[in-house]
Amino acid sequence: MSTTAVRLGRARYGRETLHAEWTKLRTVASTGWLLLGAAALTIAVSAAVDAAAACPAGGCQADPAKLSLTGVQAGQAIVVIIGVLAVSSEYGTGMIRSTLTAMPRRLTVLAAKATIIAGLVLAVSSAAAAASVLAGRLILPGHGFTAAHGYPPLSLSHGPDLRAACGSVLYLALIALLSLGVATAVRETAVATGLVLGLLYVFPVVTSVVGNQHWQRHLEQVGPMTAGLYIQVTVKLRSLPLTPWQGLGVLALWAAGALITGALILRFRDA
């Protein structure tokens with residue numbers, strides 16, 4: 001068989017695997033509801049934080065872009081569930097055996113799941129981030145965040161605001177991939193969800209109780225959530241332990257590590 005034929009066969013197999021994974025996800029009602037819930041929670045929490053914020057006449061030190069995207073920290077919990085269920089639900093029902101019988105190239109199956117999940121989360125979180133920024137633009141000026149106080153209206157045409165919004169979208173996609181990798185490794189829905197949520201929220205808790213500033217800084221640099229959310233910061237960037245993109249890179253490394261671990265376990269362990 002020629003090299004061209006082999007490549008065409010692999011490409012066709014990849015397309016068929018993607019189509020199969022897309023069909024499975026879109027025919028499960030919970031996927032759509034969870035995606036809708038993640039977007040709604042992100043927007044609602046962001047708007048609530050905007051409404052509760054205040055910048056008095058004497059000025060304030062708040063970051064309007066970060067305030068308006070606070071809901072990402074709530075919405076990510078549902079994104080974790082979406083990423084976990086993409087794999088664990090098949091193990092729970094035993095459907096994974098049928099999947100791997102029909103599509104025996106396990107790494108291709110995992111890559112297809114990752115592609116579909118990341119694409120769905122990117123699409124939904126893009127809408128959620130845009131709506132959150134719009135809510136901030138409409139709400140914050142009425143709470144003292146005005147040009148007179150040094151805060152022009154939030155706008156996606158403004159470089160830092162655009163970076164914060166787009167970075168938040170990438171952040172949620174990476175959270176989904178991190179969850180997918182962990183779920184592939186441990187298989188159990190409750191265990192995988194607990195591990196990912198613990199990984200995200202334990203680092204900030206530990207950092208807050210550590211008295212040594214040197215260790216606090218290092219924990220902030222390696223924590224997937226704390227480092228990843230630096231992408232939302234638009235003021236006082238020099239005070240951050242990492243640059244915004246470096247912080248998002250830390251989360252990307254966590255996601256890559258989880259996916260590689262999950263891929264190795266999937267490759268060599270019985271279904």
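The values are calculated or read from the model by the stated rules, or taken from the named source; none is laboratory data. Computed from a predicted structure; not experimentally measured. FYI the Cβ positions are ideal-geometry reconstructions off the backbone, even for glycines, and counts take in every protein chain you see. The protein model used for the area step is the full one, side chains on, heavy atoms only, and it has no ligands, DNA or RNA in it. Shrake-Rupley method; radii C 1.70, N 1.55, O 1.52, S 1.80 Å.
Where residues in region 215-232 are polar (S, T, N, Q), touching a residue at least 12 places away in the same chain (Cβ under 8 Å) and open to solvent by 10 Å² or more (accessible area, probe 1.4 Å), which of them is nearest to THR70 (Cα to Cα)? Before the answer, list the steps.
Step one: filter region 215-232 for residues polar (S, T, N, Q), giving 216, 221, 226, 232.
Cutting the leftovers down to touching a residue at least 12 places away in the same chain (Cβ under 8 Å) gives us 221, 226, 232.
Keeping just the survivors that are open to solvent by 10 Å² or more (accessible area, probe 1.4 Å) gives 221, 226.
Details: GLN221: 20, THR226: 13 Å.
Of everything passing the filter in region 215-232, THR226 is nearest to THR70 (Cα to Cα).
I'd like to verify a number: residues in region 26-42 that are of a type in the set (A, V, I, L, M) and touching a Leu at 6+ places or on another chain (Cβ under 9 Å), how many? Even if it seems obvious, please write down each step before you answer.
Initially, region 26-42 is screened for residues of a type in the set (A, V, I, L, M), giving 28-29, 34-36, 38-41.
Imposing the further condition that a residue be touching a Leu at 6+ places or on another chain (Cβ under 9 Å) reduces the set to 28, 34-35, 38.
Number satisfying all stated conditions: 4.
Checking the structure you have, find out if any residue of region 50-57 is without any contact (Cβ under 8 Å) to a residue 12 or more places away in the chain and either among the acidic types (Asp, Glu) or not in a helix (DSSP H, G or I) (or both). It would help to see each step written out before you state the result.
Just the residues of region 50-57 that are without any contact (Cβ under 8 Å) to a residue 12 or more places away in the chain, to begin with: 52.
Filter again for either among the acidic types (Asp, Glu) or not in a helix (DSSP H, G or I) (or both), leaving none.
No, the conditions are met nowhere in region 50-57.
Under 6 Å between Cβ atoms, at least 6 apart or on separate chains: pull out the pairs that start in region 245-263 with a residue that is farther than 29 Å from PRO160 by Cα and touching a residue at least 60 places away in the same chain (Cβ under 8 Å) and end on any residue that is among the polar types (S, T, N, Q) and crowded, with 20+ Cβ neighbours inside 10 Å.
Pairs found: GLY262/THR184.
If the requirement is being at pLDDT below 95, in contact with a helix residue (DSSP H, G or I) (Cβ under 9 Å, 6 or more places away or on another chain), of a type in the set (Gly, Ala, Ser) and part of a helix (DSSP H, G or I), which of these qualifies: ALA271, ALA185, ALA252, ALA256? Reasoning before the result, please.
Numbers: ALA271 fails: part of a helix (DSSP H, G or I); ALA252 fails: at pLDDT below 95; ALA256 fails: at pLDDT below 95.
Matching residue, one of ALA271, ALA185, ALA252, ALA256: ALA185.
Within the group THR70, THR42, which residue is of a type in the set (Ser, Thr, Tyr) and outside any helix (DSSP H, G or I)?
Details: THR42 fails: outside any helix (DSSP H, G or I).
One residue alone meets the criteria, THR70.
Would you be able to say whether some residue in region 180-189 is over 25 Å from GLY92 (Cβ atoms) and not β-branched (Val, Ile, Thr)? Outline the logic, then answer.
Within region 180-189, the subset over 25 Å from GLY92 (Cβ atoms) is none.
No.
Just wondering, is there one or more residues in region 117-132 that are under 21 Å from the mean Cα position of the chain (by Cα), without any contact (Cβ under 8 Å) to a residue 12 or more places away in the chain and more than 15 Å from SER179 (Cα to Cα)?
Within region 117-132, the first condition is being under 21 Å from the mean Cα position of the chain (by Cα), and the residues that meet it are 117-132.
From what's left, without any contact (Cβ under 8 Å) to a residue 12 or more places away in the chain: 119, 123.
Adding the requirement that they be more than 15 Å from SER179 (Cα to Cα) leaves 123.
Yes, region 117-132 contains at least one residue that is under 21 Å from the mean Cα position of the chain (by Cα), without any contact (Cβ under 8 Å) to a residue 12 or more places away in the chain and more than 15 Å from SER179 (Cα to Cα).
Consider only pairs whose beta carbons are under 8 Å apart and that are at least six residues apart or on different chains; among these, list those whose first residue lies in region 72-83 and is open to solvent by 10 Å² or more (accessible area, probe 1.4 Å) and whose second residue is in a helix (DSSP H, G or I) and of a type in the set (Val, Ile, Thr).
Pairs that qualify, where the first residue is open to solvent by 10 Å² or more (accessible area, probe 1.4 Å) and the partner is in a helix (DSSP H, G or I) and of a type in the set (Val, Ile, Thr), are GLN73/VAL45; ALA74/THR42; ALA74/VAL45; ILE81/THR193; ILE82/THR31; ILE82/ILE117; ILE82/VAL121.
State the number of residues belonging to region 84-114 that are surrounded by fewer than 16 Cβ atoms within 10 Å (Cβ to Cβ) and not aliphatic (A, V, I, L, M). Even if it seems obvious, please write down each step before you answer.
The first filter runs over region 84-114 and keeps only residues surrounded by fewer than 16 Cβ atoms within 10 Å (Cβ to Cβ), leaving 92-95, 97-98, 101-102, 104-105, 107.
Filter once more, keeping what is not aliphatic (A, V, I, L, M): 92-94, 97-98, 101, 104-105.
Matching residues across region 84-114 total 8.
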